[in-house]
1. Just need log10 I(q)/I(0) for the stretch 30-167 at q = 0.21 Å⁻¹, Debye formula, equal scatterers on the alpha-carbon atoms, no solvent, rounded to two decimals.
2. Can you give me the angle between helix 151-161 and the longest principal axis of the chain, using Cα atoms only, in degrees from 0 to 90, rounded to the nearest 10?
3. Can you give me the relative contact order of the chain as a percent, contacts being Cα pairs under 8 Å and 6 or more apart?
4. Calculate one ³J(HN,Hα) per residue across the stretch 324-330 by plugging θ = phi - 60° into the Karplus curve 6.51 cos²θ - 1.76 cosθ + 1.60, and present them in order as whole Hz with x for glycine and proline.
5. Return the long-range amide H neighbours of Gln48 (sequence gap of 5 or more, or a different chain), with a cut-off of under 5 Å between placed amide H atoms.
6. Report the paramagnetic label zone for Ala91: residues of the stretch 145-176 whose backbone N is under 20 Å from a point 7 Å from Cα along the Cα-to-Cβ axis.
7. Measuring from a point 7 Å past the Cα of Ala178 along Cα-to-C-beta, which residues in the stretch 114-137 have an amide N at less than 11 Å?
8. What size of dipole, in debye to the nearest 20, comes out for the chain about its Cα centre when the only charges are +1 on Lys and Arg C-beta atoms and -1 on Asp and Glu C-beta atoms?
Amino acid sequence: GPTRRLPPATGSLLVTNIGELVTNVAGTGEGGPLGLRRNAAVLVEDGQVAWVGPARDAPAADRRIDADGAAVLPGFVDSHAHLVFAGDRAAEFAARMAGQPYTGGGIRTTVGATRAAPDDELRATVARLRGEALRQGTTTIEIKSGYGLTVADEARSLRIAAEFTEDTTFLGAHVVPAEYADRPDDYVGMVCGPMLAAAAPYARWIDVFCERGAFDVDHARAILACGQAVGLGVRVHANQLGPGPGVQLGVELGAASVDHCTHLSDADVDALASTTTDWVSGPETTTVATLLPGAEFSTRSPYPDARRLLDAGVTVALATDCNPGSSYTSSMPFCVALAVREMRMTPAEAVWAATAGGARALRRDDVGVLRPGARADLIVLDAPSHLHLAYRPGVPLIRQVLHNGVMP
Ligand code: NIG
Ligand code: FE
């Protein structure tokens with residue numbers, strides 16, 4: 001806050017000559033949700049933002065990064081990713097592009113490959129994808145389990161995920177695995193009992209795929225309530241493949257986020273809008289709608305209508321859904337470009353949703369924003385403005401990344 005002391009000159013880093021700084025501090029600089037500032041500088045110390053202001057007023061620092069007039073943004077917050085898996089499903093993708101629909105049935109293929117893989121192979125895959133994401137500007141990532149679906153395989157998936165992020169999510173209720181196909185009640189009992197007990201020590205969140213062909217609303221409610229009872233926060237895969245009760249279940253349970261939101265009724269939109277707060281003080285209670293355009297891209301499905309949600313006052317986030325089936329991209333810039341072109345978001349709305357929106361979806365106030373006290377996670381673009389992320393799709397525009405104040 002404003003009383004924070006000015007940092008001493010040791011161990012400090014000044015990012016200066018920033019042509020356009022996206023702070024996401026609403027009402028500062030040029031106003032608007034992005035809180036844009038021109039000719040700005042950011043002082044970093046001890047892994048945190050220590051000062052933000054005009055470049056000409058910047059304090060001295062030990063080291064400097066000259067942004068040379070480029071745009072600087074908070075690092076992307078990817079609030080939805082499934083990185084713990086083995087194998088890929090390129091042939092399934094090819095079949096879809098030849099006309100096959102996506103059903104989620106391929107999840108069991110990845111479950112088989114994941115169960116058979118040694119820990120080190122899973123760890124290497126997470127490291128590879130985490131590195132890929134970081135090079136594209138993602139400094140915070142949520143990582144789900146959900147391709148183990150046994151007590152031991154869910155626990156080890158989360159143990160490995162926790163080596164890479166604080167935002168780990170237990171998705172034991174991804175699908176009913178083949179060995180439980182004729183007794184889903186037994187599987188739900190197992191998820192709520194021994195599997196949750198083994199997973200919870202490594203998890204911050206619990207998630208359920210609430211969809212026809214996965215878990216119905218009663219099973220989903222029971223599983224999410226068990227997770228809540230042991231202190232996990234709630235998120236839901238909802239309304240991806242068709243209309244359904246998932247979004248309203250999430251709102252009912254105070255979920256931090258309901259994800260996909262591709263097929264929404266007016267009542268779903270109203271329920272989400274009713275949760276919106278400004279989050280100026282007090283605990284966050286908003287249920288964010290997290291849109292995952294990589295999934296619609298890779299399943300050749302109609303995109304969710306972000307405009308309808310934004311116009312109703314719903315808080316929207318963008319995330320990759322990175323997984324080997326429905327969305328094998330780790331690129332937040334790609335998702336921003338899709339959201340602008342295909343989902344009726346403005347570039348400013350999409351950039352906010354990919355940074356501050358993701359932070360809201362993870363109920364974090366230390367990331368997705370550049371203000372004193374925030375984590376020093378920022379990206380320098382090879383471009384003068386955030387607009388270029390959508391304006392120059394597919395171009396590697398991330399010149400430099402700072403994560404916890406250091407270049408990874
Ligand atoms: O979010 N919808 C459920 N789960 C993933 C897809 C998983 C897969 O196809 O392997 C998703 O899209
Ligand atoms: Fe997902």
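Any read-out appearing in this document is the output of simple, stated calculations on the displayed coordinates, not a laboratory observation. From a predicted model like this one, the values you see are computed outputs, not experimental measurements. Counting neighbours? That spans all protein chains shown, and the Cβs are built from the backbone with ideal geometry, glycine included.
1. -1.26
2. 10
3. 20
4. x, x, 8, 6, 8, 10, 10
5. Under 5 Å from the amide H of Gln48: Ala376.
6. None, by backbone N distance to the label point.
7. No residues fall inside that zone.
8. For the chain, the charge dipole is close to 840 debye.
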